[in-house]
Amino acid sequence: MEEELQPTRKRRKKKRLRFRGVLLLLFIAVAAAGIYAFLQFQSGYKIAEDTEQQPVEFNGDPENGEFQNILIVGVDSRGEEKSRSDTMMLLSHDKKTDEVKLTSFMRDIYADIPGYQSYKLNTAYYLGGADLLADTLRGMFGVEIHHFAQIDFSNFEQLVDIAAPNGVEVDVEKDMSKNIGVTLEQGVQHLNGKELLGYARFRADEEGDFGRVRRQQQALAALKDELISVSAIPKYPKLAGAVQGYIQTDVSTSDQVKLAAQLAMSGGGELERLTIPVKNSYSFQSYSHAGSVIEMDLEQNKQALSEFLSQPLN
């Protein structure tokens, strides 16, 4: 009987040793991944340490389990302490389907700014920062805004180069050079950070600001496609480190990485886009205190936004 038990005991011992070996290898792999992520984060942080952003407070709407809306503001500060928002977008993430939608608000919209007379929408950020801009959008459209992120255009260039060292693929629609600091040729190109920013800012054609906003959306969609590829995941720690210096936001670093990884693993889908005001819902007017503005049918645009986001608006 004793002789019959010996082989069984030996097999169990071997299994325990193999199991412990697998655990050890797993532990080493996790530790190595953690060290790699930390070093990459530090590398990205060091790149942007001269422009480190201070923590910001934002009076966001309470979180919910269905969707998250992040107000994105692009500014061209040029060293100024206060500046108008050149770009205003709402990035919406459906938590159940992982769909991502991007809404752009034209900066010349004639807006009711709480506590002030009506003025161009981009003036709200100049007068009261992200909170006043968010309150203006909430008051006009009834949309929830949970978080805020602000980036200076010069920092955008650096982030693109970290996220996409080989450039971002964009189908450049025409030759461009006027007032954008770069020269772009028509056709499919791999644009670096400076070139992608130049493409997004071009407006020297018949479309004017509307064309500029459309190209901004196109540029972000192309960048998003680059970031949600599985091959981009190893870049996340370094990118997250750089974000601390280049982007001012109330979103925690862990939540930034979590959202990016979640979208990458799900595939993220195509970035749906909308521009407010929608077609045939506005006219151009001029006021002595505000200059040339866009006056729009507010109810028509509120309805268009509600249908696009598939979210209840107040």
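The values are calculated or read from the model by the stated rules, or taken from the named source; none is laboratory data. Just so it is clear, the structure is predicted and the values come from calculations on it, not from any experiment. FYI the Cβ positions are ideal-geometry reconstructions off the backbone, even for glycines, and counts take in every protein chain you see.
Screening segment 58-76 for residues that are surrounded by fewer than 15 Cβ atoms within 10 Å (Cβ to Cβ) and not charged (D, E, K, R) and picking the one that is modelled with the lowest pLDDT gives Gly65. Only one of the numbered conditions (1) farther than 30 Å from Glu307 by Cα; (2) touching a helix residue (DSSP H, G or I) at 6+ places or on another chain (Cβ under 8 Å) is not met by Gln186, and that is (2).
Against the condition part of a strand (DSSP E or B), touching a residue at least 12 places away in the same chain (Cβ under 8 Å), crowded, with 20+ Cβ neighbours inside 10 Å and not basic (Lys, Arg), how does Met88 come out, does it pass? Yes; evaluated as a whole, the condition is true for this residue. Counting the residues of segment 287-301 that are surrounded by 15 or more Cβ atoms within 10 Å (Cβ to Cβ) and either farther than 22 Å from Leu313 by Cα or modelled with pLDDT under 95 (or both) gives 3. Does Glu157 satisfy the criteria of being surrounded by fewer than 20 Cβ atoms within 10 Å (Cβ to Cβ), touching a helix residue (DSSP H, G or I) at 6+ places or on another chain (Cβ under 8 Å) and not aliphatic (A, V, I, L, M)? For Glu157, the condition - surrounded by fewer than 20 Cβ atoms within 10 Å (Cβ to Cβ), touching a helix residue (DSSP H, G or I) at 6+ places or on another chain (Cβ under 8 Å) and not aliphatic (A, V, I, L, M) - is met.
Within segment 121-144, can one find any residue that is among the charged types (D, E, K, R) and under 23 Å from Arg201 (Cβ atoms)? Checked segment 121-144: no residue is among the charged types (D, E, K, R) and under 23 Å from Arg201 (Cβ atoms).
The strands (runs of 3 or more DSSP E) falling completely within segment 177-286 that include 2 or more residues that are more than 15 Å from the chain's Cα centre (by Cα), at pLDDT 90 or above and surrounded by 13 or more Cβ atoms within 10 Å (Cβ to Cβ) map to 187-191, 272-276. Scanning segment 136-153 for residues that are over 14 Å from the mean Cα position of the chain (by Cα), in contact (Cβ under 8 Å) with a residue 40 or more places away in the chain and surrounded by fewer than 20 Cβ atoms within 10 Å (Cβ to Cβ) yields Arg138, Gly142. Scanning segment 155-172 for residues that are touching a residue at least 40 places away in the same chain (Cβ under 8 Å) and not in a strand (DSSP E or B) returns Asn155, Phe156, Glu157, Gln158, Leu159, Val160, Ile162, Ala163, Ala164.
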